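**Student:** Below: one structure in structure tokens.
The values are calculated or read from the model by the stated rules, or taken from the named source; none is laboratory data. Because the structure is a prediction, the values reported are computed rather than measured. Every residue, glycine among them, receives a Cβ derived from its backbone with ideal geometry; neighbour counts consider all protein chains shown. Just so you know, the surface numbers come from the protein's heavy atoms only, side chains and all, with ligands and any DNA or RNA stripped out. Shrake-Rupley method; radii C 1.70, N 1.55, O 1.52, S 1.80 Å.
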Amino acid sequence: MNLNGIAAVAKSVRSLSIDAIQKANSGHPGLPLGCAELAAVLYGEILKHNPADSKWADRDRFVLSAGHGSMFLYSILHLSGYKVSLDDIKNFRQVGSKCPGHPEFGWTDGVENTSGPLGQGIAIAVGMAMAESILAGKYNTKNHKIVDHYTYVLTGEGCLEEGVSSEASSFAGHNKLGKLIVFYDQNKISIDGSTDITFTEDIGKRYEAYGWQVLKGDMYDVEGIAKLVEQAKAETEKPTLIMLKSVIGKFAPKQGTPSVHGEPLGVDDVAATKKNLGLNPDEFFQVDPEAYKYFEGKKADFAKKEEDWKKEFDAWAKENPELAKQWKASFEGAEDGTADDPKYEVGKSVATRTASGDMINAMGLRYSYLVGGSADLKGSNKSGMKCDGGTYTPENRAGRSIEYGIREFGMASEALGMAAHGGIRPFVATYLVFSDYMRPSIRVASLMKMPVIYDLTHDSIYVGEDGPTHQPIEHLASLRAIPGLQVLRPGDAEETVAAWHMAMQSKDHPVLFALTRQNVPVYAKEDANWRKTIQNGAYVVKTGSENPDVTLVATGSEVAMALEAAAKVSGKSVRVVSVLDKNLFESQSEDFQKSILGEKSRKIVVEAGVRNGWEFYVSSKKDLFTLDHFGESGPAKKVAEHFGFTADKLAELINS
């Protein structure tokens, strides 16, 4: 190990970080100053990676869970040879910079995940480690091991205080994810003071209880860190937490205090810190020449590791052409199997959750890399996978059905990690009302443009007896408000089939289904090309006339209600429109929207949820046939009658 080179890298990480933060007059210098040695030894000696190819499939993954310390990551990416220039670093936290305030996946070369909301990074990393184990179980053969890499994480007290880290860490321990290695920056400082004011539990014992191996060391002993990593790798059945005692803001005049956590050091303290580091206090963005030289000397070794893997991969592909076909399809998002779509007769009553379950298994045959599970609601969500593979366990890494337990936030973040890893298309399932627990992860998935599928059932007051705690009211509106998230609420079983096809075709955004618990009729569709039209978000189910008097704009189970109400009306022509995807429909041309809604008709919106977002469809508030209050406990039909949310009441509104 070249200790002089590592020291030069650590010094340069500190130099670049404090200058970038000071120039931006914004940022968090404490972590990069306190953890610079880890950056150097990790990227120089530990990681299996090739900065010349940041997308190499069998690279080790590094997740900066403590995303506020982003200059730690940008500095080491620059020094080690990723496509992060010195000019990028000088533009830290500026509009359009490749070095934004918190790391953003898909924007900066070498960044594996969007991080910032504390705790989510470590949960995403659990998903990445799980993906590695699934792919290894599926593709590795007796003669060739083409999936063999580790997932590393840098986390801090803030991440470990957040509940999602507990959910994910518990899951990781139970599933014996031995290739997950987490470095804990144990500096005992938070924004408001010492962590002793809020956080005094024994973290080591907590993680041992989760089923982890816990190791302890010093952040500034690089040889010791390397040895701890080897010890972590030797334990194949337990993830490892490496607790590294550190000093936040090391070398700064106010090191070890909250002052260095989340604000620039200030001109005078930057100069003093540089003096403490042996740097010129009047020179900015200094890089020790030995740092560049150190990584220049690593280039050939980095490249050789990837080249050796490619040779192994080519030999494996030649011996296993069918597996190679599946590998290619999984990383491209293409079909690699066949299955017929389920068929449903008009007039038959089928819950859309049931139709979705049928499609999960059809898509499981069509896409061999579709993997998913539920938060202890598989039977109720109808989300069980029956195709080959079985349940994912430590003994069956190739299993495609995942038991997440009652950990909705962790489940969503782990699925996001699998999607970010590549080679897997994940779906997760629970009740729509519990999207409240998942929302932070759904938002990050949308930021990362990751095609995670959320199969959410029990979508309205028709949940019935479980009452208002389980009856979604505001959820559809709030989920549609997340930029980039595609929210699909099919009206019947046939539309559910179409929705699944739309979801599997998505490559750059997450998709969420809102599905019924109750049976709903499969209705006749007057648009002969509805399967094509629905790709634009909405279509005409019942025409009424070329120029209808009233257009009922409905979603989900309320389409059937709208059809029933329309049949009760005489003397007026009534059109019924099913809006599968409100946002997608609203993105279409004005001409298309008019062709669906009717140009001069009275519009009435029908949805079992709050009115928010629908106001511009109507000319009078009374035409918002929605629910703007919590539900009630009781049989579904009785609850609907109690609130006047029935076809009879809708027909009265049409006639008014």
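**Student:** Only one of these is at pLDDT 95 or above, open to solvent by 10 Å² or more (accessible area, probe 1.4 Å) and closer than 22 Å to V371 by Cα: Q535, Q486, Q518. Name it.
**Tutor:** Details: Q535 fails: closer than 22 Å to V371 by Cα; Q518 fails: closer than 22 Å to V371 by Cα.
Of Q535, Q486, Q518, the one residue that is at pLDDT 95 or above, open to solvent by 10 Å² or more (accessible area, probe 1.4 Å) and closer than 22 Å to V371 by Cα is Q486.
**Student:** Which pairs turn up if I take residues in segment 331-345 that are over 14 Å from C387 (Cβ atoms) and look for partners that are open to solvent by 30 Å² or more (accessible area, probe 1.4 Å) and part of a loop (DSSP other than H, G, I, E, B) with beta carbon separation below 6 Å, at least 6 apart in sequence or on another chain?
**Tutor:** Sorted first by the residue in segment 331-345, then by its partner, the pairs are G333/K507.
**Student:** Given L584, L563, L627, L653, which one is open to solvent by 30 Å² or more (accessible area, probe 1.4 Å) and touching a Phe, Trp or Tyr at 6+ places or on another chain (Cβ under 8 Å)? First the steps, then the outcome.
**Tutor:** Numbers: L584 fails: touching a Phe, Trp or Tyr at 6+ places or on another chain (Cβ under 8 Å); L627 fails: open to solvent by 30 Å² or more (accessible area, probe 1.4 Å); L653 fails: open to solvent by 30 Å² or more (accessible area, probe 1.4 Å).
The conditions single out L563.
**Student:** Okay, next question. Can you confirm whether K311 is within 30 Å of A131 (Cα to Cα), touching a residue at least 60 places away in the same chain (Cβ under 8 Å) and open to solvent by 60 Å² or more (accessible area, probe 1.4 Å)?
**Tutor:** Details: within 30 Å of A131 (Cα to Cα): yes; touching a residue at least 60 places away in the same chain (Cβ under 8 Å): no; open to solvent by 60 Å² or more (accessible area, probe 1.4 Å): yes.
In short, no.
**Student:** Restricting attention to segment 566-578, and to residues there that are open to solvent by less than 10 Å² (accessible area, probe 1.4 Å) and free of Cβ contacts under 8 Å to residues at least 60 places away in the same chain, which single residue is farthest from the chain's Cα centre (by Cα)?
**Tutor:** That would be V576.
**Student:** Quick one: which of A24, A10, A57 is crowded, with 24+ Cβ neighbours inside 10 Å and at pLDDT 95 or above? Let's see the steps before the verdict.
**Tutor:** Numbers: A24 fails: crowded, with 24+ Cβ neighbours inside 10 Å; A57 fails: crowded, with 24+ Cβ neighbours inside 10 Å.
Being crowded, with 24+ Cβ neighbours inside 10 Å and at pLDDT 95 or above holds for just one of A24, A10, A57, which is A10.
**Student:** So which residues in segment 325-376 are assigned to a helix (DSSP H, G or I) and in contact with a Pro (Cβ under 6 Å, 6 or more places away or on another chain)? Walk me through it before giving the result.
**Tutor:** To start, the set of residues in segment 325-376 that are assigned to a helix (DSSP H, G or I) comprises 325-332, 352-366.
Correct list: T352, D358.
**Student:** Write out, first by first residue and then by second, each pair whose Cβ atoms fall under 6 Å of each other, whose residues are 6+ apart or on separate chains, and whose first residue, in segment 596-619, is open to solvent by 20 Å² or more (accessible area, probe 1.4 Å) while the second is at pLDDT below 95.
**Tutor:** none
**Student:** For the subset of segment 490-541 comprising residues that are of a type in the set (D, E) and outside any helix (DSSP H, G or I), which member is farthest from the chain's Cα centre (by Cα)? Before the answer, list the steps.
**Tutor:** Here is the first cut: in segment 490-541, the residues of a type in the set (D, E) are 492, 494-495, 508, 526-527.
After this cut, where a residue has to be outside any helix (DSSP H, G or I) as well, the list is 492, 508, 526-527.
Values: D492: 28, D508: 12, E526: 38, D527: 36 Å.
Going through the qualifying residues, I end up with E526.
**Student:** Is segment 393-406 home to any residue that is out of contact with any Leu (no Cβ under 9 Å at 6 or more places or on another chain), at pLDDT 95 or above, under 22 Å from V463 (Cβ atoms) and open to solvent by less than 10 Å² (accessible area, probe 1.4 Å)?
**Tutor:** There is at least one residue in segment 393-406 that is out of contact with any Leu (no Cβ under 9 Å at 6 or more places or on another chain), at pLDDT 95 or above, under 22 Å from V463 (Cβ atoms) and open to solvent by less than 10 Å² (accessible area, probe 1.4 Å).
**Student:** Here's another thing I want to ask about it. Any idea which residue in segment 71-84 is least open to solvent (accessible area, probe 1.4 Å), counting only those that are out of contact with any helix residue (DSSP H, G or I) (no Cβ under 7 Å at 6 or more places or on another chain) and not aliphatic (A, V, I, L, M)?
**Tutor:** Filtering segment 71-84 down to residues out of contact with any helix residue (DSSP H, G or I) (no Cβ under 7 Å at 6 or more places or on another chain) leaves 73, 77, 82-83.
In the following step, the residues that additionally are not aliphatic (A, V, I, L, M) were identified as 82-83.
Working: Y82: 27, K83: 141 Å².
So, considering only residues that are out of contact with any helix residue (DSSP H, G or I) (no Cβ under 7 Å at 6 or more places or on another chain) and not aliphatic (A, V, I, L, M), the one least open to solvent (accessible area, probe 1.4 Å) is Y82.
**Student:** Kindly evaluate A291 against the criterion of being in contact with a Leu (Cβ under 6 Å, 6 or more places away or on another chain), assigned to a helix (DSSP H, G or I) and open to solvent by less than 40 Å² (accessible area, probe 1.4 Å). Explain how you work it out, then say what you get.
**Tutor:** Values: in contact with a Leu (Cβ under 6 Å, 6 or more places away or on another chain): yes; assigned to a helix (DSSP H, G or I): yes; open to solvent by less than 40 Å² (accessible area, probe 1.4 Å): yes.
Spelling it out, A291 is indeed in contact with a Leu (Cβ under 6 Å, 6 or more places away or on another chain), assigned to a helix (DSSP H, G or I) and open to solvent by less than 40 Å² (accessible area, probe 1.4 Å).
**Student:** If you scan segment 172-214, which residues turn out to be touching a His at 6+ places or on another chain (Cβ under 9 Å) and loosely packed, with under 14 Cβ neighbours inside 10 Å?
**Tutor:** Matches in segment 172-214: I191 only.
**Student:** Another question, then. Can you tell which of E104, E112 is open to solvent by less than 40 Å² (accessible area, probe 1.4 Å), of a type in the set (D, E, K, R), assigned to a loop (DSSP other than H, G, I, E, B) and at pLDDT 95 or above? If you could, list the steps in order and put the result at the bottom.
**Tutor:** Working: E104 fails: open to solvent by less than 40 Å² (accessible area, probe 1.4 Å).
Unique residue meeting the criteria: E112.
**Student:** For S413, work out the one condition from (1) hydroxyl-bearing (S, T, Y); (2) touching a residue at least 40 places away in the same chain (Cβ under 8 Å); (3) open to solvent by 10 Å² or more (accessible area, probe 1.4 Å) it doesn't fulfil.
**Tutor:** Condition not satisfied by S413: (3).
**Student:** Taking segment 438-452 as the region of interest, how many residues are touching a strand residue (DSSP E or B) at 6+ places or on another chain (Cβ under 8 Å) and either part of a strand (DSSP E or B) or not β-branched (V, I, T) (or both)? Even if it seems obvious, please write down each step before you answer.
**Tutor:** Taking segment 438-452 as the starting set, the residues that turn out to be touching a strand residue (DSSP E or B) at 6+ places or on another chain (Cβ under 8 Å) are 438, 442, 451-452.
Narrowing further to those that are either part of a strand (DSSP E or B) or not β-branched (V, I, T) (or both): 438, 451.
Residues meeting the conditions: 2.
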